[in-house]
Amino acid sequence: MNRLFISILLLGITCSVAAQTDDNTEKERKPKKEDAKKALKELQKQYDLLQKQHRQLQGEYEALRQQDSIRQADMLANEEARRQQGAYFELCRQNLYHEYMTYLDMPFSVVSLDKIADINAFAAGYADTDTDAPALQARAEACLRHKLQFDHMTALLTQPFDASVIQAARDSLLVLRKLAKKDKWDELAMSRTQWAETDTIDVFFSRYKPGVKWLQDVMKRCSDQYARDGLNATNRTDVVLSVDTRQKIISEEDTRQMSYVSRRISPQGNVADYILLIPWLRQRYETFVSEPNPLKPSEATRRAIREIQEISTGL
């Protein structure tokens, strides 16, 4: 009886405990379902936020991609512009070098010292970065040197004849003449036109001394003729006869002198042509032959005659 009672009591307790356990389990299940829904809502909220951020980032990405595309296009355009500018600069540089080289080959009577100096300065500025610059600079320096020599020799033709000075100038051309005869134009550093012009100055030098002597002889002959004319024209107011006679003397002397004077300059072979090519002689020659009254010459004419007659040529 006791055992049965105890068994029933244990069974009741077990059922009670089981019921409580089921009740507790049920109670526990309900919060879990609520937590899951809450978590799901939270995840949905985070997902929506991430979607929003994604769309925002996607928009920013598209904007950046478009900007990058524009910048890439600008970079390509700039690169092409730089390439074209580089090609244009190279073309301009080549044209400029050609222009400068052409200028440095022009006759010395045409080129200017200032322009040559500018070209030399330009080439010096690019000597370390441009392979063509040193050659241009060397050409400019040579042209400057020869131009100074040419100007010096030209100036001598505007001064009274000085045998030693003229000879020194002619001697300075000997080396250049040898190079020109051997066609060593690179060593000469002078164009053919420039050398021809320089060589012509030397021809003028060769005519200076005989030109002075010739003019001295003509002046003496004319002076003697004037003296005779003066005796025959004491009561005359004009001196046409004397002017005609003077011109005749000069013409006859030209013809006679051409028997030994070279015709390198004047095909006509007129000695007066050689005189006219030498500025200092030309001024005095023209003063002499244009004197309106050779029987009573002006002070300018007397000074011109005196300057010519005082020169000692050694001939």
Provide the FRET efficiency to the nearest 0.05 for the Y103-T129 pair, computing r from the beta carbons and using R0 = 25 Å. 0.65
Eigenvalues of the Cα gyration tensor times 5, then square-rooted: what semi-axes does that give for region 96-152, in whole angstrom, largest first? 20, 11, 8
Efficiency by 1/(1 + (r/R0)^6): what FRET value for R192 and A163, r their Cβ-Cβ distance, R0 = 22 Å, to the nearest 0.05? 0.15
Is any residue of region 131-167 close enough, with backbone N under 18 Å, to a label point placed 7 angstrom from the Cα of E307 along the Cα-Cβ axis, and if so, which? 154-163, 166
Which whole-angstrom value gives the distance between the alpha carbon centres of region 82-130 and region 133-195? 22 Å
How much accessible surface does E62 have with a 1.4 Å probe, in Å² rounded to 10? 60 Å²
Extension gain L295-S69, at 0.36 nm per residue separation less the Cα-Cα distance, in nm? 71.5 nm
Rounded to the nearest 0.05, what FRET efficiency do L276 and L174 have when you use their Cβ-Cβ distance and R0 = 25 Å? 0.35
In debye, nearest 20, what is the charge dipole magnitude of region 158-215 about its Cα centre with +1 on Lys and Arg Cβ and -1 on Asp and Glu Cβ, if you could check? 240 debye
Taking the mean number of other Cβ atoms within 10 Å as a proxy for protection, how do you rank 160-171, 66-77, 116-127 from highest to lowest? 116-127, 160-171, 66-77
Count of lysine pairs in region 106-216 with Cα atoms under 28 Å apart, counting only pairs 8 or more residues apart in sequence or on different chains? 9
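The values are calculated or read from the model by the stated rules, or taken from the named source; none is laboratory data. Computed from a prediction, not measured in an experiment: that's the story for all the values here. Reconstructed Cβ throughout: ideal geometry from the backbone, glycine too, with neighbour counts over all protein chains shown. Accessible surface areas use protein heavy atoms only, side chains included; no ligands, DNA or RNA. Shrake-Rupley method; radii C 1.70, N 1.55, O 1.52, S 1.80 Å.
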